[in-house]
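Only one structure is covered here, and it is reproduced in the block below.
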Amino acid sequence: MRPLSIGVVLLAVASSALAATYNMAAPILPDPTLSPGDVLTSDPAIICKSGYTQTVRNVPQSLKNQIYKAYGITSRLPGEYEIDHIISLELGGSNSAKNLFPESFKTQPLNAHVKDTLENKLHALACAGTITMQEAQRAIASNWTTAYVKYVGPLPGGVSPVSSGPASPPVPTTVQQIPAQLQGNASMAPLAGGSCPPAAPVKLSKAGIYHLPIGDSKYGRTHATQCFKDAASAAAAGFRGVK
C-alpha cells in the first residue's frame with residue numbers, strides 16, 4: 001500500500017473514532033418541562049431591523065453551564081454543542097433559561113445546522129408578512145422538526161419529525177412590551193441583569209459613560225443604569241462615550 005493510501009486510511013479511522021466519542025443521543029428537541037420557549041418581543045418593526053440580534057444577545061457562560069447541568073450533560077468535546085435559543089433571537093426569542101437548551105452539531109441527520117436553516121426561513125417569512133411573528137414563534141417552540149417540514153421541506157436524510165412527547169406549555173405572547181421607538185432623549189430603565197431592551201440598546205454605566213452594542217469591547221460586561229435609543233440621545237442627556 002502506498003504511504004498516501006495508508007495516511008488516508010489512518011485519517012478515516014481517526015475520524016470514525018472521534019465521531020464515536022460524540023454523544024449521538026444528544027437531545028434533538030428541548031425538554032418542555034425545562035425549557036418551553038420564551039419570547040422578548042413579537043414586534044416585526046423591532047425584530048426585522050438590521051443588527052437587532054446583536055443588541056440583545058446576552059447569555060453568560062454561567063447560564064450556559066446551568067443549562068448543560070439541567071440536561072445532564074457533564075462532559076462534551078470542543079465544538080460538539082451550542083446552547084441554542086429555542087425561539088431564536090431573529091424570531092424575537094429571549095435569553096432566559098426557559099428559551100435555552102443544549103443542541104448538538106454532531107448528531108445526524110438532525111442537528112443545530114438544520115435548525116438554523118429553519119430559523120432563517122421563518123425569519124424571512126415573518127419579516128415579509130407571509131406569516132405572523134407569533135406563528136413563527138409558536139411553530140419553532142412547539143416542535144422545530146415538524147415546523148421544518150411545513151416551512152422548509154423534507155428533513156435531511158428523509159427522516160420523519162421527532163416526536164415531541166407531552167404537549168409543551170403555550171409560548172407566552174411576550175415577556176415585556178418593548179416600544180417601537182423612543183421619543184426625544186427619553187431613556188428607559190434597564191432589563192434584569194443590567195441589559196437593555198432592543199429599542200434602547202445603548203448602555204449607560206455607573207461612571208456616566210455610554211456604551212454602544214457594536215464596536216465596544218466593554219458593552220457585554222457593562223451593567224446599565226439607563227438605556228438610550230442611540231448615542232446622540234445619550235450625549236444630549238449629558239453623558240459621554242468611550243474615549
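The values are calculated or read from the model by the stated rules, or taken from the named source; none is laboratory data. Note that the coordinates shown come from a computational prediction; the quantities given were computed from them, not determined experimentally. Using ideal geometry, Cβ is built from the backbone for each residue, glycine included, and neighbour counts are taken over all protein chains shown. Ligands, DNA and RNA are excluded from the accessible area calculation, which covers all protein heavy atoms including side chains. Shrake-Rupley method; radii C 1.70, N 1.55, O 1.52, S 1.80 Å.
Odds and ends about this structure:
- Count of residues meeting criterion [over 23 Å from LYS106 (Cβ atoms), surrounded by fewer than 18 Cβ atoms within 10 Å (Cβ to Cβ) and touching a strand residue (DSSP E or B) at 6+ places or on another chain (Cβ under 6 Å)] in the range 40-93: 0
- Selection of first residues in the range 139-160 that are without any contact (Cβ under 8 Å) to a residue 24 or more places away in the chain and of second residues that are β-branched (Val, Ile, Thr) and surrounded by 11 or more Cβ atoms within 10 Å (Cβ to Cβ), restricted to Cβ pairs under 9 Å at least 6 apart or on distinct chains, gives the following pairs, ordered by first then second residue: ALA139/ILE131; ALA139/THR146; THR146/VAL162; SER160/THR145; SER160/VAL149.
- Residue within the range 187-197 that is hydroxyl-bearing (Ser, Thr, Tyr) and at pLDDT below 75 present: no
Results for (1) hydroxyl-bearing (Ser, Thr, Tyr); (2) in contact with a Cys (Cβ under 6 Å, 6 or more places away or on another chain); (3) over 29 Å from ASP43 (Cβ atoms), shown as yes or no for each residue.
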site: LEU110; (1), (2), (3): no, no, yes
site: ASP116; (1), (2), (3): no, no, no
site: LEU125; (1), (2), (3): no, no, no
site: THR130; (1), (2), (3): yes, no, no
site: TRP144; (1), (2), (3): no, no, no
site: TYR148; (1), (2), (3): yes, no, no
site: PRO156; (1), (2), (3): no, no, yes
site: SER160; (1), (2), (3): yes, no, yes
site: SER163; (1), (2), (3): yes, no, yes
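- Within the range 199-243, the set of residues being of a type outside the set (A, V, I, L, M, F, W, C) and in contact (Cβ under 8 Å) with a residue 40 or more places away in the chain comprises PRO201, PRO213, GLY220, LYS229, SER233.
- Selection status of ALA124, under 23 Å from SER50 (Cβ atoms), open to solvent by 10 Å² or more (accessible area, probe 1.4 Å), of a type in the set (Gly, Ala, Ser) and at pLDDT 95 or above: yes
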